[in-house]
Amino acid sequence: MPPFKRHIFICANERDADASRPSCLPRGGKKVRAAFKDAIKDAGMKDTVRANEAGCLDQCEHGPVVVVYPEAVWYGFVQPADVGEIVSEHLIHGRPVERLRLPGSCLNTESCPHKPAAKHK
């Protein structure tokens, strides 16, 4: 079997309901992963693309969060209905889906439009 060409990490982290930050599981993280597994299989890419459930990717305010490697393309607010477009456009045709892509200014930063200052710590 050839090595995987891409790895997709889908956050399915779950925090307590009273946590100061949201989490991806209650926003549909596991459903997004299931949709990726089905879409990858349907596209005939099962042997070259791996969809992995991940714990916290530290982008909680953007959840469910998905990151595609080796390109390191981060997607936010991904829903199962978005998965087919990511598979078709990004994985098959090499064009990241810009409408879902998280801007670099929102990654690993203290300040982002999705991170209210009082809630992100």
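Rule-based calculations on the coordinates, nothing more; no lab input. It should be emphasised that the depicted structure is a prediction, and the values quoted were computed from it without experimental measurement. Cβ coordinates were reconstructed from backbone atoms using ideal geometry, including for glycine residues, and neighbour counts include every protein chain displayed.
Here are several values of semi-axes √(5λ) of the Cα gyration tensor in Å: (1) 26, 15, 12; (2) 42, 21, 11; (3) 20, 16, 14. Which one was derived from the coordinates shown?
(1)
Which ordering of LYS46, LYS30 is given by a fewest-first count of other beta-carbon atoms within 10 Å?
Final ranking by Cβ density, sparse to dense: LYS46, LYS30.
Once phi is turned into ³J(HN,Hα) by the Karplus curve 6.51 cos²θ - 1.76 cosθ + 1.60 with θ = phi - 60°, what whole-Hz value does each residue of the range 21-30 show in order, with x for glycine and proline?
10, x, 9, 7, 4, x, 8, x, x, 5
Each residue of the range 4-12 in turn: what ³J(HN,Hα) in whole Hz from Karplus with 6.51, -1.76, 1.60 and θ = phi - 60°, glycine and Pro shown as x?
Coupling constants for the range 4-12: 5, 8, 9, 10, 10, 10, 10, 5, 10 Hz.
Going highest first, how would you order 81-91, 61-71, 16-26 by mean Cβ packing within 10 Å?
Ranking, from highest mean packing down: 61-71, 81-91, 16-26.
Under the Karplus relation 6.51 cos²θ - 1.76 cosθ + 1.60, θ = phi - 60°, what is the ordered set of whole-Hz ³J(HN,Hα) values for the range 67-74, x standing for Gly and Pro?
Karplus-based 3J(HN,Hα) across the range 67-74 equals 10, 10, 10, x, 6, 6, 8, 9 Hz.
Once the other residues with Cβ under 14 Å from the Cβ of CYS11 are scored (Lys, Arg +1; Asp, Glu -1), what is the net sum? Working shown, then result.
Values: positive: ARG15, ARG21, ARG27, LYS30, LYS31, ARG33; negative: GLU14, GLU53, ASP58, GLU61.
Summing Lys and Arg as +1 and Asp and Glu as -1 gives +2.
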